[in-house]
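The values are calculated or read from the model by the stated rules, or taken from the named source; none is laboratory data. Since the structure is predicted, the reported quantities are computational estimates derived from the model, not experimental observations. Reconstructed Cβ throughout: ideal geometry from the backbone, glycine too, with neighbour counts over all protein chains shown. Just so you know, the surface numbers come from the protein's heavy atoms only, side chains and all, with ligands and any DNA or RNA stripped out. Shrake-Rupley method; radii C 1.70, N 1.55, O 1.52, S 1.80 Å.
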Amino acid sequence: MEVLFALVALVWGVRIFLNILTYAQLWWVKEYRWDRMIIHFGTPQGKRILWPALRRPPISSKSILLVVLSLVISGFIVWTVTLPILFRLAIADLLSFPITGVLVLILNAPTGIYHKLLIAKAVRKLRDHKPMMVIGITGSYGKTTTKEYLASILSTKFRVLKTEASKNSPIAIAEVILKSLKPEHELFVVEMGAYKIGEIAEMAAMVKPQIGIITAINAQHQDLFGSLENTMKAKYELVSGLEGKRIAIMNVDDERVQTMASWAKRDGCNVWEGRFQTTDVKAGFDGLEFTCIFGNEKAMVKAPVIGAHQVRNILAAIAGAVAAGMTFTEAGKAVGGIQPNSKSLGLIPGLNGSIYINDTFNNNPDSAKAALDILAWGKGKKYLVFHPMIELGEYASSSHREVGAYAARISDEIILTNRNFYEDFMKGVRSVSDTVEVWVLSSEKAASSLGSKLGAGDAVLFKGKEAEHVLRALCK
């Protein structure tokens with residue numbers, strides 16, 4: 001009996017350890033923000049917080065400290081509480097997530113002070129730098145892609161500094177300034193993200209942009225913004241913060257951005273909307289090409305990226321390059337050198353002659369439908385591995401119904417990575433088809449299921465961050 005108790009205690013202790021690792025990863029995903037974590041609690045995943053899908057956090061000083069302190073406190077409970085060992089383990093287990101939450105609150109205070117010091121230091125370094133053109137980019141989606149395309153185009157003529165990956169907060173901007181800003185840099189391309197009003201205004205005050213690009217507005221992060229009007233106001237803070245040239249490049253194809261363009265005109269900005277037109281768009285697995293028209297000039301543009309929807313990102317990048325001092329011809333030619341993000345519609349040869357479409361960078365209603373349009377190009381059976389969308393607020397149900405219906409028109413089989421908004425997604429699917437199969441599977445089971453079915457010409461779209469776990473399992 002003692003051996004059995006010891007074995008149970010060991011297994012339970014391992015469970016607590018693995019759960020703490022998973023909670024640390026979850027806090028990292030939520031950027032150590034309680035507002036985002038509270039929203040997570042309202043989902044089926046969040047309601048199973050004691051039985052999470054096991055994950056490992058990225059290695060960083062904060063995640064290591066969070067894990068170590070959580071383990072120390074849990075160990076203290078197990079070794080000091082005067083109860084039978086299984087009761088002590090049960091208490092430590094039940095308290096493991098609250099412990100991480102309290103530690104996040106405690107750690108956020110000194111972290112915030114440290115970040116403010118770094119930001120102040122970065123601002124001083126930026127002010128001491130020779131005059132430099134700064135281009136800010138924001139929007140609900142398309143920010144990172146547009147930033148990368150613009151920086152690539154500009155780098156053919158100028159020395160360019162850009163924010164890294166999809167890091168788009170004040171501290172991320174400060175870190176790249178302190179780490180990478182050199183005297184020879186002539187241009188700084190800055191991606192700006194936000195979850196509430198006031199955050200982009202802080203970033204604009206830091207870098208003082210002369211050119212601002214607004215990509216698009218949709219229901220992304222509505223749980224935090226509260227309304228699309230608040231999203232628009234938050235993103236408009238980039239335009240309000242423009243100095244010097246005050247050029248606002250606005251996506252004419254987005255109705256909400258058009259409204260923001262009218263605000264910019266009212267505020268005296270030099271608004272660029274609809275200046276760059278396209279014809280003869282051709283998109284396929286081998287890339288994208290189209291004719292770009294700017295005034296009386298034309299340029300044949302070719303890019304090694306997937307999807308007709310990329311046209312608007314490329315147009316925004318071309319417009320930003322021209323506004324910064326490149327000629328239209330130079331900018332159009334430089335598009336050929338842009339590189340796609342491997343997690344934004346990246347193509348991977350799959351099992352048995354199939355093809356994998358890696359679109360695990362992010363997920364929102366518009367990007368989901370754009371990615372499904374790519375899946376539709378597949379010649380054989382079409383499979384969708386879908387991470388249900390997050391933080392859509394009052395638009396969550398309708399968005400999942402809409403994407404579910406869109407997916408059912410294209411996919412032969414759908415695998416969901418969790419049960420969040422399952423009923424809404426299924427309503428959309430069944431409004432279109434009674435035959436499309438929909439499963440909710442773990443990463444391992446999803447990979448096993450796909451691996452037994454895929455054949456030549458089949459295509460699998462991996463959409464959203466959790467879908468990457470299935471892709472990794474399938475590629476083992």
**Fill in**
For the pair SER452 and THR329, the simple spin-label estimate (label points 7 Å beyond Cα toward Cβ) gives in nm 6.1 nm
**Message:** For the range 97-138 and the range 294-361, what is the centre-to-centre distance using only Cα atoms, to the nearest Å?
**Reply:** 31 Å
**Spatial extent of the range 68-136: Rg and Dmax, with the Cα atoms as the point set, Å** = 21.6, 68
**Charge dipole (debye, nearest 20) of the chain; +1 at Cβ of Lys and Arg, -1 at Cβ of Asp and Glu** = 920 debye
**Asked** Angle between the Cα long axis of helix 170-180 and the longest principal axis of the chain, 0 to 90 degrees, nearest 10?
**Response** 70 degrees
**Message:** Report the gain in length on full extension from LYS369 to VAL102: 0.36 nm times residue separation, minus Cα-Cα distance, nm rounded to one decimal.
**Reply:** 92.2 nm
**Request:** Mind ranking MET232, MET1 by accessible surface for me, highest first, 1.4 Å probe?
**Result:** MET1, MET232
**Request:** Can you tell me the 0 to 90 degree angle between the C-alpha axis of helix 85-128 and the longest principal axis of the chain, rounded to 10?
**Result:** 20 degrees
**Prompt:** Sorting ASP373, ASP424 by accessible area (1.4 Å probe), largest first, what list results?
**Reply:** ASP373, ASP424
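What FRET efficiency, computed as 1/(1 + (r/R0)^6) with R0 = 35 Å and r the Cβ-Cβ distance, is obtained for ALA90 and ASN230, rounded to the nearest 0.05?
Efficiency, rounded to the nearest 0.05: 0.20.
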**Prompt:** To the nearest 0.05, what FRET efficiency results for TYR422 and ALA6 with a Förster distance of 41 Å applied to their C-beta separation?
**Reply:** 0.55
**Fill in**
What helix-only [θ] at 222 nm does the chain give? Using -39500 (n - 2.57) per DSSP H run of at least 4, over all residues, to the nearest 500, the answer is -16000 deg cm²/dmol
**Message:** Quick check on the chain: take the gyration tensor over C-alpha atoms, sort the square-rooted eigenvalues as a ≥ b ≥ c, and tell me if it's rounded (a/c under 1.5), prolate or oblate.
**Reply:** oblate
**Prompt:** Taking Cα pairs under 8 Å and at least six residues apart, what relative contact order does the range 384-476 come out at, in percent?
**Reply:** 35 percent
**Complete:** Using alpha-carbon positions, the gyration tensor of the range 191-259 gives root eigenvalues a ≥ b ≥ c; with a/c under 1.5 called rounded, otherwise prolate if a/b exceeds b/c, else oblate, the class is oblate
**Principal axis dimensions, the range 134-204 - Cα atoms, whole angstrom, descending** = 35, 24, 17
**Complete:** With Cα coordinates, the longest principal axis of the chain makes an angle with the long axis of helix 143-154, in degrees rounded to 10, of 40 degrees
**Message:** Under 8 Å for C-alpha pairs, at least 6 residues apart: give me the relative contact order for the chain, rounded to a whole percent.
**Reply:** 12 percent
**Where the chain is the region considered: accessible area per residue in Å², 1.4 Å probe** = 45 Å²
**Message:** Which of rounded, prolate or oblate describes the range 6-73 when judged by the alpha-carbon gyration tensor and an a/c cut-off of 1.5?
**Reply:** oblate
**Asked** Which value, in Å² rounded to 10, gives the accessible area of TRP377 with a 1.4 Å probe and all protein chains present?
**Response** 80 Å²
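Using the per-residue mean of other Cβ atoms lying within 10 Å as a proxy for protection, in what order, highest first, do the peptides 59-67, 124-132, 189-197 fall?
189-197, 59-67, 124-132
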**Fill in**
With all protein chains present, the chain has a carbon and sulfur share of its accessible area (1.4 Å probe) in percent of 59 percent
**Message:** Just to confirm my numbers, what's the Cα centroid distance between the range 1-70 and the range 226-287 in Å?
**Reply:** 41 Å
**Message:** Under the 0.36 nm per residue contour assumption, what length would be gained going from the current alpha-carbon distance of LEU83 and LEU347 to full extension?
**Reply:** 89.5 nm
**Request:** State the Cα centre-to-centre distance between the range 452-476 and the range 155-199 in whole Å.
**Result:** 33 Å
**Asked** Expressed in nm to one decimal, what extension gain is obtained for the pair ASP280 and LYS121 from 0.36 nm per residue of sequence separation less their Cα-Cα distance?
**Response** 52.4 nm
**Request:** Would you list the P(r) distribution for the range 355-459, with all Cα-Cα distances sorted into 5 Å bins from 0 and each bin expressed as a whole %?
**Result:** 2, 12, 25, 27, 21, 9, 2, 1, 0
**Asked** For the range 47-60, in order, what is each residue's ³J(HN,Hα) by Karplus, 6.51 cos²θ - 1.76 cosθ + 1.60 with θ = phi - 60°, in whole Hz (x at glycine and Pro)?
**Response** 6, 9, 4, 7, 10, x, 6, 5, 9, 10, x, x, 7, 8
